[in-house]
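To start, the structure under review is shown below, and the notes come after it.
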Amino acid sequence: MPRLSVIVCTYNRASFLPGCLASLRASGVSQSDLEIVVIDDGSTDDTKSVIDQLSGPDIRYIYQANQGLSTARNTGIRAATGTYVAYLDSDDLWLPNVAPKMLAFLDTHTEVGIVFANAQVGNDNEGFSPWDEWAGRDEFKELTHTPSDGFRIFERAAFHRLLIRRNLVFTGAVFQRRELLMAAGLFEPKLNAAGDWELYLRLAASHVFAYFPEMLAIYLQHPSQMTMGVDRMANEFCETRRSHLVSVPNLGVEEKRLLRKALCEEQFYYAYLAYDRKDYREAHLRYGQLLRESGFHPKAALYWALTALPDWTVKSIRSMCKPFVRNDGLRVGPQPWAPEARAMHKEALRKG
């Protein structure tokens, strides 16, 4: 039985597969310890023929009708036979000699359920940056942890509270115990933008995470990547926090407080998206939902009352107030995906 099963989900990415699979085979994990499970989520290109050319005892290919990333990953987990499960999207790469260290760590630290490493993010044209700088993972350095052979074993509750605020784990650099995943219920199929974050939240509520600062993966950014509308992303982030509040037993008082605060902030942003695009009826519904779920919120109440007025009245008030108010659509979600946010972050680093 292999020690490590790597789930490679792909959809019309045939040209990227040779590099992705070659990087896994060159990762330093022996062929007897490595199982690569390729889940073809309904590709219409020549993905199957590319896999046939690259086939070997370490590769398993599974085709399914297109059902989305979370369902594809679940298909891979169920088919996997390894002790540990990792993920790599077909347009990303692994670097050599890091994966064996993570396997050895999990072998000897049975108290740890999940370990994740650093990564490089970018492309040849724009250059690459460490994931911990790009996504602000310096916060992890401040978490209570126990150092062990270059790894940081986080105090469970502190790490869980950080994840409630934002997800900073790159899924392409994560190793998990398969039996733990099966017991946890796998990825939520309805979520794609927030599917990984929702799973990590559930796991962090009762399992220990560790971090390895070496670079395991390269996250390649390119125009043909899967994109997710900002509106849908914000909605999934709200749903994730709602679900965590009601579905995880024995949440502490502080965890519930953080969840409710973060949900309220995300709901405000989600409502403002509709307001900003001048869909005032939808904005009114979203602000109303925020007030019902989170209690009285002065600014939300103001926007809720404003969007109850006729559209022409709202437009007139917005026009009159525009010189005196700032943009309330500040991104408050768990991941800084927006290009503007990344640009602002790079500029802050340059000035710093």
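Summary table below
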| item | result |
| --- | --- |
| Residue tally, condition at pLDDT 95 or above and either loosely packed, with under 12 Cβ neighbours inside 10 Å or of a type in the set (Lys, Arg) (or both), over segment 277-309 | 4 |
| Failed item, numbered, when residue 52 is tested on (1) buried (at least 20 other Cβ atoms within 10 Å of the Cβ); (2) out of contact with any helix residue (DSSP H, G or I) (no Cβ under 9 Å at 6 or more places or on another chain); (3) among the charged types (D, E, K, R) | (1) |
| Residue list for segment 94-126, restricted to those being modelled with pLDDT of 95 or more and of a type in the set (A, V, I, L, M) | 95, 98, 99, 102, 103, 104, 106, 112, 114, 115, 117 |
| Residue list for segment 228-251, restricted to those being free of Cβ contacts under 8 Å to residues at least 12 places away in the same chain and either among the β-branched types (Val, Ile, Thr) or under 20 Å from residue 69 (Cβ atoms) (or both) | 229, 246 |
| Qualifying helices (runs of 4 or more DSSP H) (wholly inside segment 28-141; at least 1 residues being outside the structural domain of residue 209 (by TED's automatic domain parsing)) | none |
| Long-range neighbours under 7 Å by Cβ, at least six apart or interchain, first residue assigned by TED's automatic domain parsing to the domain that holds residue 268 and on the phi < 0 side of the Ramachandran plot within segment 287-300, second surrounded by fewer than 18 Cβ atoms within 10 Å (Cβ to Cβ) and among the charged types (D, E, K, R) | 294/260 |
| Among the candidates 248, 208, residue that is in contact with a helix residue (DSSP H, G or I) (Cβ under 8 Å, 6 or more places away or on another chain), of a type in the set (Val, Ile, Thr), in the same structural domain as residue 276 (by TED's automatic domain parsing) and within 30 Å of residue 110 (Cβ to Cβ) | 248 |
| Residues of segment 220-246 that turn out to be of a type outside the set (A, V, I, L, M, F, W, C) and modelled with pLDDT of 90 or more, as a count | 10 |
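The values are calculated or read from the model by the stated rules, or taken from the named source; none is laboratory data. Computed from a prediction, not measured in an experiment: that's the story for all the values here. Note that each Cβ is placed from the backbone with ideal geometry, even for glycine, and that neighbours are counted across all protein chains shown.
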